[in-house]
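The values are calculated or read from the model by the stated rules, or taken from the named source; none is laboratory data. Please read all numbers here as calculations on a predicted model, not as lab measurements. Because the Cβ atoms are built from the backbone with ideal geometry, glycine has one as well, and the counts that use them run over all protein chains shown. We work out accessible area using only protein heavy atoms, side chains counted, and drop any ligands, DNA or RNA first. Shrake-Rupley method; radii C 1.70, N 1.55, O 1.52, S 1.80 Å.
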Amino acid sequence: MPTRKLSWVERSRQLARLIRLPNLLLMGLCLLLVRATLLPTATWRVVLASPFLLLVLATLCVAAAGYIINDYYDVKIDAVNRPGQLVIGRLINRRHAMMAHLILSGIGIVVAGVLSPLLGLVHVGSALLLWGYSVRFKRVALAGNASIATLTAAMVLLPELQARTGQASPWGYALAAFLLTMVREIVKDVEDMRGDAQHDCRTLPIVWGVSRAKWVAGAFLVCLLFLTGGAASESFQTGYPWLGAWLLVLCLLPMLALSYQLRRADRRRHFAQLSAWCKWIMLAGVLSIPLSAIV
């Protein structure tokens, strides 16, 4: 498909869509809040020091590269599932997109490697997993879902891997991120069944059917409900009432509503709404992080 000339404003808008700018901003906010509030000795001077900011830069570069390579390999599928949102091949040259992916991945890996060998290894693994997801894993039942969920959980843990404080709380948030991402990825697979089926993808709803896929998503959601309910209860008991109230009202209750709507969903637009709902719950979870420091 030929590309067309774009104005500077339109090109910027399409680039932001390609790299999922809102998602990158949410990742940056999550990293910042984890480092500033969950880890000890995290004054703002420490948080805004160059090592942590370089970690954020490296992570966002690898994530942006992952979004680009995913769209690069999904041009035909996205032409069916999301024709109005197609960027690569219609508005941005495929060769330029691949070059941007390689440059961003390279920057992220090199910067992380300079910070520490462990962080460099994590970012190499993340870049490879994102490439494998785009090429193969996303077309295999549960493999693609677990890949993205694992990467999301690893992102939450990055500040702890850099600071080495031994805190347990980032692991709890990482587990919650894994479970909620699994729910959202399965919901998205149901939403995208039409395009996936036309291109021989073997996602969970195609292999097992929509009904069983909903049960699997529901199982992960139930685990998340127990985890969140336990965290809210512990927060009230240990003197963090604001955190407990936030988790109860803005996370737990929406999850219960999500489980009810998931059971009733049977149309593509229903699953699109559920996917957006998962994003809002994830945002509420991220914004709960600073409340863990307020007694």
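Counting lysine pairs in the chain that sit 8 or more residues apart in sequence, or on different chains, and whose Cα atoms lie under 19 Å apart gives 7.
Entry comment: accessible area of region 158-295 is 52 Å² per residue, from protein heavy atoms only and a probe of 1.4 Å.
Working note: Cα atoms of region 185-295, range along each principal axis, descending, whole Å: 53, 20, 20. For the chain, the relative contact order is 19 percent, taking Cα pairs closer than 8 Å that sit 6 or more residues apart in sequence and dividing their mean separation by the residue count. Note on residue 211: accessible area is roughly 80 Å² with a 1.4 Å probe, heavy atoms of protein only.
Once the Cα-Cα distance is subtracted from the 0.36 nm per residue extended length, the residue 256 to residue 294 segment shows a gain of 11.1 nm.
Taking all protein chains in place and a 1.4 Å probe, what share, in percent, of the accessible surface of region 49-137 do carbon and sulfur account for?
On the way: 2920 of 4000 Å².
Carbon with sulfur: 73 percent of the solvent-accessible area.
For the peptides 10-16, 89-95, 54-60, 66-72, the ranking by mean Cβ contacts within 10 Å, running from highest to lowest, is 66-72, 54-60, 89-95, 10-16.
Would you work out if region 84-236 is rounded, prolate or oblate? Take a ≥ b ≥ c from the square roots of the eigenvalues of the alpha-carbon gyration tensor; rounded if a/c is under 1.5, else prolate when a/b is larger than b/c, oblate otherwise. Could the numbers behind the result be given before it?
Working: a/c = 2.49, a/b = 1.04, b/c = 2.38.
Because a/c hits 1.5 or more and a/b fails to exceed b/c, region 84-236 counts as oblate.
All alpha carbon pair distances within the chain were sorted into 5 Å bins beginning at 0; the resulting P(r) in whole percents reads 1, 5, 11, 15, 17, 16, 14, 11, 6, 2, 1, 0, 0.
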